[in-house]
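Participant: Pasting in a structure now, in structure tokens, and then I'll have a few things to ask.
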Ligand code: MN
Ligand code: MN
């Protein structure tokens, strides 16, 4: 027997065991394709750092590709493409399918809000010669990560006359940036005794706005006045306008290639714009779907999907109800026959912190998109937990399309946990399972994702709505 020949046990193991392959080994030809795909992704990330910006960038892409605003009372034909913009912060895009609507819809639902620092309603103050903004963090952040990071100011201000001022300072070449300070190590002895969770406290996330005073000894807060004067010159606003505003501070840097092999994308807000972008691309490119498609980009996921631009509102259900009425079919039949990918990221196995993962059920870089049967915490509490039938269906779709995919839990049992929009989709009586991209440093100001995984997630969404 030559050493090349397999033993009986090896043959049997190959027949009976299942091992998830590494894409770079199994399909190296995808490396270049994935890199090319991610060039568009990086541009999109830079243009859409907030939910408002992501929606307006997405609407432009949709309109370029023949989508028109959805109108109730109209009748639509297979292949027609429409979109519905929910208050500039959430979006639904639909392509009418060949099959009648009561046979169900294929939905990909991602979210486009990401953890960040929001301004408080009354943010500007002066302390000891420095003008600062008070913030209230949005979503689950590790606060210490947000100091000494260059920040950009984004958002919208609605003035008394109704005029909307779109704010974006810190993204153009030459723009000033903003920053939160931290102590120097020399004087951080006491602070270093704090637990990491409290290393920086919420009320310490104060953003430096300016330091030059307006020279007039009759003014009590001259540095604040100078800062307000410059904000007025640049945005046309007064202090009262902050009360009519949504201002978000996000990292000012652009999306980049990471690693000497350029295998990863590093950027702010990949949770969950990586799924939003891949789902949107799949939607736009599908011209004649079998079932009616629906790509939803939701807001507010990071704070529990509350609010009328989040998935825990009825905006998606109402949209489907309109479609059902227009098609003359029963809304509840449409829901019962629909299936949905709750398109969200999962935690990629990190070799530096192996203790929080269970290696056999974790997702890894370069092994493809991750199908997450359940999320939740403390014994699957609060999860949708997809049924075996739906798992089988989604796996079949991906296998048939040659998509590289893997399975993943969010960390080891009882280490932590989390949730997605899946449970809100399930409330509509739609079959739903989570699928997305493994992420390193999730929720940090700079997150990492593998280009091969991003590309295969796009392929999964495309196959699902074909
Ligand atoms: Mn997410
Ligand atoms: Mn998240």
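Computed from the coordinates by the stated procedures, all read-outs in this text should not be read as laboratory data. Worth saying up front: this structure is predicted, and the values here are computed from it rather than measured. Here Cβ is always computed from backbone atoms with ideal geometry, including for glycine, and neighbour counts include all displayed protein chains.
Participant: How tilted is helix 30-47 with respect to the longest principal axis of the chain? Cα atoms for both, answer in degrees (0 to 90, nearest 10).
Facilitator: Long axis of 30-47 versus the principal axis of the chain: about 30 degrees.
Participant: Continuing with this model, one more query. Just grab the label-to-label distance for residue 388 and residue 63, each label 7 Å out from Cα along the Cβ direction, in nm (one decimal).
Facilitator: Between residue 388 and residue 63, the label points sit 5.0 nm apart.
Participant: Order the peptides 367-375, 171-179 from the highest to the lowest mean number of other Cβ atoms within 10 Å of their residues. Each step should come with its number before you reach the end.
Facilitator: Numbers: 367-375: 24.8, 171-179: 12.3.
Ranking the peptides 367-375, 171-179 by packing returns 367-375, 171-179.
Participant: Another question about this same structure. Working out 0.36 nm times the residue gap between residue 381 and residue 163, then minus their Cα-Cα distance, what length gain in nm do you get to one decimal?
Facilitator: On the way: separation 218, 0.36 × 218 = 78.48 nm, distance 4.49 nm.
Computed gain between residue 381 and residue 163 is 74.0 nm.
Participant: Over all directions, what mean area does the Cα convex hull of the chain project, stated in square nanometres? Each step should come with its number before you reach the end.
Facilitator: Values: hull surface 110.8 nm².
That works out to 27.7 nm², a quarter of the Cα hull's surface.
Participant: Compare the peptides 142-152, 184-194, 214-224, 420-430 by average per-residue count of other Cβ atoms within 10 angstrom and give them in order, highest first.
Facilitator: 420-430, 142-152, 214-224, 184-194
Participant: In degrees from 0 to 90, rounded to the nearest 10, what is the angle of the helix 315-327 Cα long axis to the longest principal axis of the chain?
Facilitator: Computed tilt is about 50 degrees.
Participant: Next question. Output the 0 to 90 degree angle, nearest 10, between the alpha-carbon long axis of helix 51-64 and the longest principal axis computed from the alpha carbons of the chain.
Facilitator: 50 degrees
Participant: OK, next. So, in nm, how far is label residue 137 from label residue 98 when the simple model puts each one 7 Å beyond its Cα toward the Cβ?
Facilitator: About 5.0 nm, to one decimal.
Participant: If you don't mind, another one. For the range 109-214, calculate the relative contact order in percent as a whole number, restricting contacts to Cα pairs under 8 Å that are 6 or more residues apart. Kindly include the intermediate steps, with their values, before the conclusion.
Facilitator: Details: 155 pairs, mean separation 33.6, N = 106.
RCO, the range 109-214: 32 percent.
Participant: Kindly work out what percent of the DSSP beta bridges joining two residues of the chain are antiparallel, to the nearest 5.
Facilitator: Details: 54 of 78 bridges.
Around 70 percent antiparallel, to the nearest 5.
Participant: Sorted by mean Cβ packing within 10 Å, highest first, what order do the peptides 382-395, 246-259 take?
Facilitator: Values: 382-395: 15.9, 246-259: 19.2.
Packing proxy ranking, top to bottom: 246-259, 382-395.
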